[in-house]
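Engineer: Sharing a structure, written as structure tokens. Questions coming.
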Amino acid sequence: MFIGGVDIRIVQELIGHNLPETTAIYTHITDKMKKDVKSPLDNLDI
């Protein structure tokens, strides 16, 4: 998982959280972010 392009584990260490779940509380997904993600299922050759 990335926050602003930075691996969440780096952010976790920088702000002193013991668990990545604590850091993940501060991540937010917008509708635009969801819309811009290409589904990996689109790459299936079926």
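The values are calculated or read from the model by the stated rules, or taken from the named source; none is laboratory data. For clarity, every value in this text was computed on a predicted model and none was experimentally measured. Reconstructed Cβ throughout: ideal geometry from the backbone, glycine too, with neighbour counts over all protein chains shown.
Engineer: Out of the residues in segment 1-23 meeting the condition of being of a type outside the set (S, T, N, Q) and in a loop (DSSP other than H, G, I, E, B), tell me which one is surrounded by the most Cβ atoms within 10 Å (Cβ to Cβ). Break it down stepwise before answering.
Structural biologist: We begin by selecting, within segment 1-23, every residue of a type outside the set (S, T, N, Q); these are 1-11, 13-17, 19-21.
Among the residues that remain, those that are also in a loop (DSSP other than H, G, I, E, B) are: 1, 4-5, 16-17, 19.
On the way: Met1: 11, Gly4: 6, Gly5: 5, Gly16: 8, His17: 17, Leu19: 8.
Per the criteria, the residue is His17.
Engineer: For segment 24-39, indicate whether the set of residues that are at pLDDT 80 or above, of a type in the set (Ser, Thr, Tyr), in a loop (DSSP other than H, G, I, E, B) and surrounded by fewer than 10 Cβ atoms within 10 Å (Cβ to Cβ) is non-empty.
Structural biologist: Yes, the conditions are met somewhere in segment 24-39.
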